[in-house]
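Novice: Handing you this structure, nothing more for now.
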Amino acid sequence: MRIGIIGAGIGGLVAAAGLQADGHDVTVYERRDAPAAVGAGLTLFVNAFAALDAIGLGDTVRAVSADALGRMRSGQRRPSGRWLVSVPPGSGPAVRSLHRAELHSALLARLPAGMVRAGSTAQADPGGAPVVTVDGALERFDLVVAADGIRSGARRTWGLDRGVRYAGYTAWRGVTASRGHLADEAGEAWGAGARFGIVPLPDDRVYWFAVLTAAEGADFGDEPAMLRERFGGWHAPIPALLDATPTSALLRHDIHDLAALPPRCVAGRGVLLGDAAHAMTPDLGQGAGQAIEDAATLVLLLRHAGAPDAALREYDRLRRRRARTLWHGSRLAGRVAQASSPAAVATRDVLMRAMPAGAAVRAAARVARWQEPQGVSPGESR
Ligand SMILES: Cc1cc2nc3c(=O)[nH]c(=O)nc-3n(C[C@H](O)[C@H](O)[C@H](O)COP(=O)(O)OP(=O)(O)OC[C@H]3O[C@@H](n4cnc5c(N)ncnc54)[C@H](O)[C@@H]3O)c2cc1C
């Protein structure tokens, strides 16, 4: 099949690599001049790797990621460092961490030169016909995959957009050389309307994120100074990580998710994938994992279905169900983690401390489970 993909983010690139390996003729349109990633670190759980393995990409991503996080004591603690929930090394769902830019490069390296057309903004067809318009020219396909992110133009064009919602908090991310900051502990510290997360990366680097409850677009003035003041009294190595991160390596993003999920993620011969279909808050660390699951599901269903329409129907059914769970779960996790009032924080902390680590591990394992599609029955193919 000829397949056009709008967007060379993680979702678009994984789909492109999987589809082209199956012999499809793939073109990827990316509006940015270079399809490189803006971002810092990323965690991918076992579900993402199961999906990557199913389409032959697991080792590509393992090669640029580290499993150090799973070998550390992790969980949630108070700003003082006292553990609320402590997950012993090796007992949580398998997780690997990596730098986004390195993931993008590794995925791009799997694609033939010229497959990604950078600097090309593509528009989907309002009727769901498998065509895209690029620089005024119509390009024809058998299928169009819209992996164009949270503010997906295709989702709007196909009448599936229900808006984007500000989650109520803003996040800073940084990457720094470790210099022995981590010892053998990682995870998140939760305060009142404030959170700090620490993740080891390959090559002794550390990815950290700081999250504050704030108005959308709030102006914090000198942000590095504000972060040092806000988190300067938190447990080690948080102040040292902030001090070690150059201002130029600091990223800030207000956190959004889809206000409501689209009623369908298929329109004719067009399909939404990744954040375009189900952008969720990053509180479960599953957004990219879901984009990867989408891509693998699509590749496998197209591989086994006689005709694409049956595969798309099954994709819509499977992926909307899975994404709905994680989209809701991410919102809930964000509300709990960002609790701000003294009463809410006190209640949260008491409940967290009462929770056995085993229960937290089982809940995380339920989230990190991907079920490979069993194919489309012959009766469903046309
Ligand atoms: C602070 C933060 C931390 C996160 N941490 C994690 C984590 O640890 N683990 C995890 O799994 N997820 C995490 N996520 C979520 C994850 O980053 C996203 O879910 C994931 O990157 C979505 O990938 P995507 O390919 O669907 O979309 P995107 O990465 O947004 O890619 C969309 C691409 O489409 C392009 N595009 C858009 N419109 C057009 C057009 N008309 N024509 C051509 N190109 C177009 C864009 O330029 C972009 O390159 C985090 C998110 C945030 C904000």
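Novice: Can you name every residue in segment 83-113 that is at pLDDT below 95 and assigned to a loop (DSSP other than H, G, I, E, B)?
Specialist: Listed by number, the residues that qualify are Pro88, Pro89, Gly90, Ser91, Gly92, Pro93, Ala94, Ala113.
Novice: A follow-up question, please. Could you figure out which of (1) out of contact with any Pro (no Cβ under 8 Å at 6 or more places or on another chain); (2) surrounded by 22 or more Cβ atoms within 10 Å (Cβ to Cβ); (3) among the polar types (S, T, N, Q) isn't true of Thr297?
Specialist: Single failed check for Thr297: (1).
Novice: Let me ask something else. Give me the pairs, please: first residue somewhere in segment 146-171 and in contact (Cβ under 8 Å) with a residue 40 or more places away in the chain, second residue anywhere and crowded, with 22+ Cβ neighbours inside 10 Å and hydroxyl-bearing (Ser, Thr, Tyr), beta-carbon distance under 8 Å, and either six or more positions apart or on two chains.
Specialist: Ala146/Ser152; Asp161/Ser152; Ala167/Thr281
Novice: Here's something else I'd like to know. On the given criteria, is Arg228 farther than 23 Å from Ala363 by Cα and away from the ligand (no atom under 13 Å from the Cβ)?
Specialist: Yes, satisfied.
Novice: Please state which one of Ala68, Ala21, Ala17, Ala54 is under 30 Å from Trp172 (Cα atoms) and either surrounded by fewer than 24 Cβ atoms within 10 Å (Cβ to Cβ) or touching a residue at least 12 places away in the same chain (Cβ under 8 Å) (or both).
Specialist: After applying the criteria, what remains is Ala68.
Novice: Please indicate, with yes or no, whether at least one residue in segment 20-42 is in contact with a helix residue (DSSP H, G or I) (Cβ under 6 Å, 6 or more places away or on another chain) and within 20 Å of Pro93 (Cα to Cα).
Specialist: For segment 20-42, residues in contact with a helix residue (DSSP H, G or I) (Cβ under 6 Å, 6 or more places away or on another chain) and within 20 Å of Pro93 (Cα to Cα): present.
Novice: In contact (Cβ under 8 Å) with a residue 40 or more places away in the chain and more than 9 Å from the ligand (Cβ to nearest atom), is that true of Ile6?
Specialist: The answer is no for Ile6.
Novice: Failed condition for Trp83, given (1) among the aromatic types (Phe, Trp, Tyr); (2) more than 9 Å from the ligand (Cβ to nearest atom); (3) in contact (Cβ under 8 Å) with a residue 24 or more places away in the chain, with all others met?
Specialist: The number of the failed condition is (3).
Novice: If you don't mind, there's one more thing I want to ask. Look through segment 172-186, keep the residues that are in contact with a Lys or Arg (Cβ under 7 Å, 6 or more places away or on another chain) and not β-branched (Val, Ile, Thr), and return whichever of them is surrounded by the fewest Cβ atoms within 10 Å (Cβ to Cβ).
Specialist: Asp184
Novice: Let me ask something else. Of the numbered conditions (1) of a type in the set (Val, Ile, Thr); (2) away from the ligand (no atom under 13 Å from the Cβ); (3) within 19 Å of the chain's Cα centre (by Cα), Ile292 satisfies every one except a single condition; which is it?
Specialist: Evaluating Ile292 over (1) of a type in the set (Val, Ile, Thr); (2) away from the ligand (no atom under 13 Å from the Cβ); (3) within 19 Å of the chain's Cα centre (by Cα) leaves (2) as the failure.
Novice: Starting from residues that are assigned to a helix (DSSP H, G or I) and over 18 Å from the mean Cα position of the chain (by Cα), keep the ones in segment 19-61 and report whichever is nearest to the ligand (Cβ to nearest atom).
Specialist: Leu19
Novice: Exactly one of (1) more than 9 Å from the ligand (Cβ to nearest atom); (2) farther than 19 Å from Asp294 by Cα; (3) buried (at least 18 other Cβ atoms within 10 Å of the Cβ) is unmet by Arg155. Its number?
Specialist: For Arg155, the exception is condition (2).
Novice: Just to be sure I understand, how many residues within segment 229-264 are surrounded by 15 or more Cβ atoms within 10 Å (Cβ to Cβ) and within 23 Å of Trp83 (Cα to Cα)?
Specialist: Of the residues in segment 229-264, 9 are surrounded by 15 or more Cβ atoms within 10 Å (Cβ to Cβ) and within 23 Å of Trp83 (Cα to Cα).
Novice: List every residue pair whose Cβ atoms lie under 6 Å apart, where the two residues are 6 or more positions apart in sequence or sit on different chains, the first residue falls within segment 225-254 and is under 22 Å from Gly39 (Cβ atoms), and the second residue, located anywhere, is within 16 Å of the ligand (Cβ to nearest atom) and part of a helix (DSSP H, G or I).
Specialist: Within 6 Å, the pairs are Leu242/Leu227.
The values are calculated or read from the model by the stated rules, or taken from the named source; none is laboratory data. This is a predicted model, so every value here is computed, not measured. Positions of Cβ are backbone-derived with ideal geometry, glycine not excepted, and every protein chain shown enters the neighbour counts.
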